[in-house]
Amino acid sequence: MDTQADANVYAPATDNRWASHIRATLMLGIPFIGAQLAQLGIHTTDVMIVGRLGAEQLAAMVLAAQFLFVILFFGSGFSIAVIPMVAQAYGQSDIITVRRSMRMGLWVVIAYWLLLQPAFFYAEDILLAAGQKPDVARLAADYVAIGHFGLLPGLLYNVLRALISAIGRAAVILNVTIAMLVTNAVLAYALVLGHFGLPAMGLHGAAIVSVVVQLAGFLFAAGYVQLQEETRRYEIFVRFWRPDWRAFFEVVRLGLPIGITILAEVSLFTAASLLMGHIGTIELAAHGIALQWASIAFMLPLGLGQAATVRVGVAHGQGDHLGVLRASITVLVMAVATSSIGGLLFFLEPTYLASLFLDTRAPEAEAVLAYAGPLIVIAGIFQLVDGLQAVANGVLRGLKDARIPMILALIAYWPVGFFLAWVFAFPFGMGGRGVWFGFLVGLAAAAIMLIARFYLLMRKDTSGRHQAALI
């Protein structure tokens, strides 16, 4: 039987010195950032290897990947919801709640994957209805038929990350993701192109590799949780069949708005590409280059946002108001600092950065570079506000605040961001720069509203504590 004394052995220490907050945030944030970059590297590796098969196969893989990514991004809302639940329970040294939150998080993502089976089965029909070319849609559906089996271990792995993150072992996540990156590169090179004596399986090989890599990541994380004394004591997989409906529906209640928020932001950037496509091919190519750099830069605040969810969640679970404030301020300042450094680089060397994603000998290269340069400069400012809103979202998730932030983000992304992007681009005649300026305003609005939301919650909490002290 677990005793309170046992629990206290693993209770997180409270240290609210600024130096301690900076150090703890870096210890979580750097591995998270590295893991995000490694995850981006997995997709980049797939594109590079499958690209050798030809344009049609590459188009099919990109289409299938986007199809699966949409489902994964929405489902990741449930995985992310588990993080503040576990972090707050860990902050309270509540072993039972940690165990129940983890189990029900695993239950929810399994149920989600099962519910989505019709989408996987009818993937070709869905892609055809979306106006995709029949040959490409058929190849993409073949990839989905195999690749969707990798979504389940991927979602399960993300849930296990909640416990590993809460206890401050983010380096484990980084190591696992790097191992997945290397495994993916070797296996894809072997099975897709046919090396090391293995048959060339083409696109089917790429799908098989994605399943194997995701499964390996999950099994490693599950093994770590089971073998390490600090995590084994939570008995995540003991009596796994036993339900806790309160925890189950809390995962759903928190996860749905988080998933909708993530999907809304992802779809916003898809809409940006569509708008740029209406402007012209050169403009779309330049947009793609600028967006690639913005995506790479976004990995920094995204990792910091994940660290913020853990740090704020643990402090909130301990009832440490000062800890919540200092953890939040620390990560927000770090986001501004890292984004400012990246923005300065984008401002100073936009043309050089654009040339790294382009064959400068191509006939249209000069025109693309001329258009991409200014977009990368805008992207430097763009990443500052995008980083702030990502971190602010992470802070609020640490407080288990998801519904209101979802509403605020939806307003900022679409009625503000997308509408202004269209207005600036077409009625105002600003073209591609107008699209980026519109989204810049939208994401700035999101950052301002989310930070204001956090301020009001902290002010309300302070007022409540003051009134309680007077009773």
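The values are calculated or read from the model by the stated rules, or taken from the named source; none is laboratory data. Since the model is a prediction, treat every value here as computed from it, not as a measurement. Cβ atoms come from the backbone with ideal geometry, glycine included; neighbour counts cover every protein chain shown. These accessible areas exclude ligands, DNA and RNA; they are computed on the full protein's heavy atoms, side chains included. Shrake-Rupley method; radii C 1.70, N 1.55, O 1.52, S 1.80 Å.
Exactly one residue among Val435, Val441 is β-branched (Val, Ile, Thr) and touching a His at 6+ places or on another chain (Cβ under 8 Å), and that residue is Val435. The residues listed here are Arg397, Arg361; of these, the one that is within 21 Å of Ser267 (Cβ to Cβ) and either at pLDDT below 95 or of a type outside the set (A, V, I, L, M) (or both) is Arg397.
Take the residues in the range 187-206 that are aliphatic (A, V, I, L, M) and open to solvent by less than 20 Å² (accessible area, probe 1.4 Å), then tell me which one is farthest from Phe120 (Cα to Cα). Out of the qualifying residues, it is Ala190. Only one entry of Val368, Val336 meets the criterion of being modelled with pLDDT of 90 or more and either open to solvent by less than 10 Å² (accessible area, probe 1.4 Å) or not hydroxyl-bearing (Ser, Thr, Tyr) (or both), and that entry is Val336. Only one residue in Gly131, Gly154, Gly168, Gly91 is modelled with pLDDT of 90 or more and not acidic (Asp, Glu). Which one? Only one candidate passes the filter, namely Gly154. Can you work out which of the residues in the range 29-49 that are of a type in the set (A, V, I, L, M) and closer than 13 Å to Leu300 by Cβ is most open to solvent (accessible area, probe 1.4 Å)? Restricting to residues being of a type in the set (A, V, I, L, M) and closer than 13 Å to Leu300 by Cβ, the top hit is Ile30. Within the range 234-251, the set of residues being among the hydrophobic types (A, V, I, L, M, F, W, C), assigned to a loop (DSSP other than H, G, I, E, B) and under 27 Å from the mean Cα position of the chain (by Cα) comprises Ile236, Phe237. For the range 230-246, taking the residues that are in contact with a Phe, Trp or Tyr (Cβ under 9 Å, 6 or more places away or on another chain) and within 27 Å of Ile173 (Cα to Cα), the one that is least open to solvent (accessible area, probe 1.4 Å) is identified as Thr231. Determine which single condition Ala290 fails, assuming it passes every other condition in (1) in contact (Cβ under 8 Å) with a residue 24 or more places away in the chain; (2) surrounded by fewer than 21 Cβ atoms within 10 Å (Cβ to Cβ); (3) within 30 Å of Gln66 (Cβ to Cβ). Of (1) in contact (Cβ under 8 Å) with a residue 24 or more places away in the chain; (2) surrounded by fewer than 21 Cβ atoms within 10 Å (Cβ to Cβ); (3) within 30 Å of Gln66 (Cβ to Cβ), only one is false for Ala290: (2). One residue alone among Leu325, Leu358, Leu274 is assigned to a helix (DSSP H, G or I) and either of a type in the set (Asp, Glu) or in contact (Cβ under 8 Å) with a residue 12 or more places away in the chain (or both), and that residue is Leu325. Checked against (1) among the small types (Gly, Ala, Ser); (2) closer than 17 Å to Arg433 by Cβ; (3) in contact with a Leu (Cβ under 6 Å, 6 or more places away or on another chain), Gly288 meets all criteria but (3). Could you list, in sequence order, all residues of the range 187-203 that are farther than 26 Å from Gln36 by Cα and not in a loop (DSSP other than H, G, I, E, B)? Answer for the range 187-203, where residues must be farther than 26 Å from Gln36 by Cα and not in a loop (DSSP other than H, G, I, E, B): Leu193, Gly202. Six or more apart or on different chains, Cβ atoms under 9 Å: show the pairs whose first residue is in the range 384-395 and more than 15 Å from Gln306 (Cβ to Cβ) and free of Cβ contacts under 8 Å to residues at least 60 places away in the same chain and whose second is in a helix (DSSP H, G or I) and open to solvent by 10 Å² or more (accessible area, probe 1.4 Å). Qualifying pairs under 9 Å: Leu384/Val336; Leu384/Ser340; Leu384/Gly342; Leu384/Gly343; Leu384/Ala444. Is it fair to say Val331 is more than 26 Å from Val441 (Cβ to Cβ), within 25 Å of the chain's Cα centre (by Cα) and not small (Gly, Ala, Ser)? Judged against the criteria, Val331 is not a match. Residues of the range 411-448 that are surrounded by fewer than 20 Cβ atoms within 10 Å (Cβ to Cβ) and under 27 Å from Leu325 (Cβ atoms): Ile411, Ile448. Checking the structure you have, find out if any residue of the range 355-362 is crowded, with 20+ Cβ neighbours inside 10 Å and touching a Leu at 6+ places or on another chain (Cβ under 8 Å). No - not one qualifying residue is present in the range 355-362.
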